[in-house]
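Since the structure comes first, as C-alpha cells, the remarks are kept for the end.
The values are calculated or read from the model by the stated rules, or taken from the named source; none is laboratory data. Owing to the predicted nature of the structure, the values given are computational and were not obtained by experimental measurement. Here Cβ is always computed from backbone atoms with ideal geometry, including for glycine, and neighbour counts include all displayed protein chains. All accessible areas refer to the heavy atoms of the entire protein, side chains included, with ligands and DNA or RNA removed. Shrake-Rupley method; radii C 1.70, N 1.55, O 1.52, S 1.80 Å.
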Amino acid sequence: QVQLVESGGGLVQAGGSLRLSCATSGRTFSTFAMGWFRQAPGKEREFVTAIRSGGVRYYADSVKGRFTISRDNSKNTVYLQMNSLKPEDTAVYYCAAGLSGPEYTIVEYWSYWGQGTQVTVSS
C-alpha cells in the first residue's frame, strides 16, 4: 500500500507563490508516475500536472508557465511550485501516484491519492 501526504497549502494573495509537497511511503516511488489534481467547490477534480518516472512533465494549459512539478526520488517526495497565483487557482490540491492507464489527465487512471491540501488565493 502506498500512502501520500500533502503539505504546504495555505492562503496567499494573487500574484504570490506556494510550494506544495507530497511525501510518499513505499520503496517503489522512483518507478511511479506522480501527479497533482485540484478540485474547486462545486466542480469536478481536474488535472493540473504530472511527472513520469523518467522525468517527462505534463501541464494543464491553465497552469503552464506558472506551475512547476518536480520530484526528489531520494526523499520519496514530489513538489508543486506555484507562482503567479490567481483566485481561480483556489481549490483543494490532491497528490496522485501510480498511473495505471494511458491518459494521465483521467482521475480514474491513478491508483493512489492523498487527502488533499487547501490552497486559497485572495484577490
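From (1) over 15 Å from T24 (Cα atoms); (2) open to solvent by 10 Å² or more (accessible area, probe 1.4 Å), pick out the condition that doesn't hold for S74.
So the condition that S74 fails would be (1).
Given (1) closer than 23 Å to V2 by Cα; (2) modelled with pLDDT of 95 or more, where does G55 come up short, assuming only one miss?
Of everything listed in (1) closer than 23 Å to V2 by Cα; (2) modelled with pLDDT of 95 or more, G55 misses just condition (2).
Pull out all pairs, ordered by first then second residue, where Cβ-Cβ is under 6 Å, the residues are six or more apart or on different chains, the first lies in the stretch 55-69 and is under 20 Å from F32 (Cα atoms), and the second is at pLDDT below 95 and open to solvent by 60 Å² or more (accessible area, probe 1.4 Å).
Once the first residue is under 20 Å from F32 (Cα atoms) and sits in the stretch 55-69, no partner that is at pLDDT below 95 and open to solvent by 60 Å² or more (accessible area, probe 1.4 Å) comes close enough.
Please go through (1) open to solvent by 20 Å² or more (accessible area, probe 1.4 Å); (2) more than 23 Å from T28 (Cα to Cα); (3) not hydroxyl-bearing (S, T, Y) for V121 and return the number of the only condition it doesn't satisfy.
Unmet for V121, out of (1) open to solvent by 20 Å² or more (accessible area, probe 1.4 Å); (2) more than 23 Å from T28 (Cα to Cα); (3) not hydroxyl-bearing (S, T, Y): (1).
Name the single residue, out of those in the stretch 18-38 being polar (S, T, N, Q) and open to solvent by 60 Å² or more (accessible area, probe 1.4 Å), that is modelled with the highest pLDDT. Even if it seems obvious, please write down each step before you answer.
First pass over the stretch 18-38, keeping only residues polar (S, T, N, Q): 21, 24-25, 28, 30-31.
From what is left, the residues that are open to solvent by 60 Å² or more (accessible area, probe 1.4 Å) are 28, 31.
Numbers: T28: 81, T31: 87.
Per the stated criteria, the residue is T31.
Return the residues of the stretch 47-69 that are under 13 Å from the mean Cα position of the chain (by Cα) and either open to solvent by less than 60 Å² (accessible area, probe 1.4 Å) or over 23 Å from F29 (Cα atoms) (or both); say none if nothing qualifies. Reasoning before the result, please.
Just the residues of the stretch 47-69 that are under 13 Å from the mean Cα position of the chain (by Cα), to begin with: 47-52, 57-60, 63, 67-69.
Across the stretch 47-69, the qualifying residues are F47, V48, T49, A50, I51, Y58, Y59, A60, V63, F67, I69.
Can you pull out every residue in the stretch 111-123 that is among the aromatic types (F, W, Y) and modelled with pLDDT of 95 or more? Walk me through how you get there before you give the answer.
Keep residues of the stretch 111-123 that are among the aromatic types (F, W, Y), which gives 112-113.
Matches in the stretch 111-123: W113 only.
Tell me which residues, restricted to the stretch 79-119, are assigned to a loop (DSSP other than H, G, I, E, B) and within 13 Å of the chain's Cα centre (by Cα). Spell out how you get there, then give the answer.
Initial filter on the stretch 79-119 (assigned to a loop (DSSP other than H, G, I, E, B)): 83-86, 90, 100-106, 114-116.
Y104, T105, G114, Q115, G116, listed by residue number.
Would a scan of the stretch 86-100 turn up a residue that is open to solvent by less than 60 Å² (accessible area, probe 1.4 Å), in contact with a Pro (Cβ under 9 Å, 6 or more places away or on another chain) and either over 19 Å from G42 (Cβ atoms) or not aliphatic (A, V, I, L, M) (or both)?
Checked against the condition, which is being open to solvent by less than 60 Å² (accessible area, probe 1.4 Å), in contact with a Pro (Cβ under 9 Å, 6 or more places away or on another chain) and either over 19 Å from G42 (Cβ atoms) or not aliphatic (A, V, I, L, M) (or both), the stretch 86-100 yields at least one hit.
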